[in-house]
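J.: Pasting a structure here, questions to come.
Just so you know, all these numbers are worked out from the coordinates, no wet-lab data involved. No experiment lies behind these values; they were computed from the predicted model shown. Glycine also receives a Cβ, built like all others from the backbone with ideal geometry; neighbour counts cover every protein chain displayed.
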Amino acid sequence: MKFQHTISDMKIDGVDIPVSNIFLNYNRSGNILIGMDILSLMINHIDVSRKTGVLTLLCCPRESADADFYLAMREHFGLIQM
């Protein structure tokens, strides 16, 4: 079961997330989940990092992707911008 909430200002680690509604599930005992509706607004990749050796998620709002983001993608996953 999920509950819809209207929001006016959402940030994840200081990054503005351009959504006006979110859905929450309060029946959880573990970590929160980022929904596909939010992830679909971003460039993202998840895999084991070559740099750290742990499962890593890199995300960036599409309009904010810059040289630093693509450098991190290359360093962690060996991926390059096309």
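J.: Ranking 70, 26 by Cβ neighbours within 10 Å, fewest first, what do you get?
T.: So the ranking, lowest neighbour count to highest, is 26, 70.
J.: Report, to the nearest 10°, how far helix 67-77 tilts away from the longest principal axis of the Cα atoms in the chain, using its own Cα long axis and a range of 0 to 90°.
T.: 80 degrees
J.: How big is region 1-72 along each principal axis, measuring the range of its Cα positions in Å and listing the largest first?
T.: Rounded to whole Å, the extents work out to 37, 29, 18 Å.
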